[in-house]
Amino acid sequence: MASLLEMKEIFRNADAVCFDVDSTVIREEGIDELAKFCGVGDAVAEMTRRAMGGTVTFKAALTARLGLIRPSYEQVQKLISDNPPQLTPGIRELVNRLHQRGVQVFLVSGGFQSIVEHVALQLNIPTANVFANRLKFYFNGEYAGFDETQPTAESGGKGKVITHLKEQFHFKNVVMIGDGATDMEACPPADCFIGFGGNVIRKQVKEKAKWYITHFDELLKELEER
């Protein structure tokens, strides 16, 4: 296992940095916001709590929650226009700095493509660098499920995305940054995991992550010191 000093060296020499989105790049949890917007916030929040503490697979939890929300295409678009995701302080500056250094930045999320692409646009991240779940709709705009073939729809999906990126681009150093257990589980194949607690602190991640930050300025400083 890499020491903290070694992890900082990996981060400073990263070819690619993968960010989780909900409660990391943005302040809120996309699925909870969508549930509130569709009038089933409390029921879905309770389902999320049960899923986090139990043995439910990510896909089963996602299927159950979306089955309750059943968002239409119009509702998803209205959520983005009326309540756009709020960027976490410092993320814009960090992504800009990584881009200046020639580092590829990816958004790897268990959230929804349409919301994550909106976030990517604000951060000048190409949509090709977005890996997230795709909602499906019927021709009349009604909810028709989600694309179960996406790696992010499965438990362990973020690790699969990182393996794919390493194979495709031959990256040597890939860093994963996120607030949750699914982010921490992606290392390996990621070469370094940085736990983020700036929006919500997950006890398990705070206790187990060797490198844990609460503000993106901490990472900016690491880059400036080189």
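In region 27-43, the residues that are more than 21 Å from N199 (Cα to Cα) reach residues that are basic (K, R) and not in a helix (DSSP H, G or I) with C-beta atoms within less than 8 angstrom, at least six apart or across chains, in these pairs: C38/R70. Taking region 118-164 as the range and being farther than 17 Å from V17 by Cα and charged (D, E, K, R) as the test, the residues that pass are R134, K136, E142, D147, E148, E154. On the stretch given as region 112-161, residues that are more than 17 Å from R70 (Cβ to Cβ), open to solvent by less than 30 Å² (accessible area, probe 1.4 Å) and in a strand (DSSP E or B) total 2.
Could you grab me the full set of residues in region 78-105 that are within 18 Å of the chain's Cα centre (by Cα), under 30 Å from E142 (Cβ atoms) and exposed (fewer than 15 other Cβ atoms within 10 Å of the Cβ)? Result: P84, Q86. The residue that is farthest from the chain's Cα centre (by Cα), counting only those in region 172-214 that are surrounded by fewer than 16 Cβ atoms within 10 Å (Cβ to Cβ) and assigned to a loop (DSSP other than H, G, I, E, B), is K172.
Filter region 1-35 for residues that are in a loop (DSSP other than H, G, I, E, B) and in contact with a Cys (Cβ under 7 Å, 6 or more places away or on another chain) and give the result.
Restricting attention to region 1-35, the residues satisfying the condition of being in a loop (DSSP other than H, G, I, E, B) are 1-3, 13-15, 20, 27-29.
Answer for region 1-35, where residues must be in a loop (DSSP other than H, G, I, E, B) and in contact with a Cys (Cβ under 7 Å, 6 or more places away or on another chain): just A2.
The values are calculated or read from the model by the stated rules, or taken from the named source; none is laboratory data. Nothing here was measured: the structure is a model prediction, and the numbers come from that model. Virtual Cβ from ideal backbone geometry, glycine too; neighbours counted across all protein chains shown. Note: areas computed on protein heavy atoms with side chains; ligands, DNA, RNA excluded. Shrake-Rupley method; radii C 1.70, N 1.55, O 1.52, S 1.80 Å.
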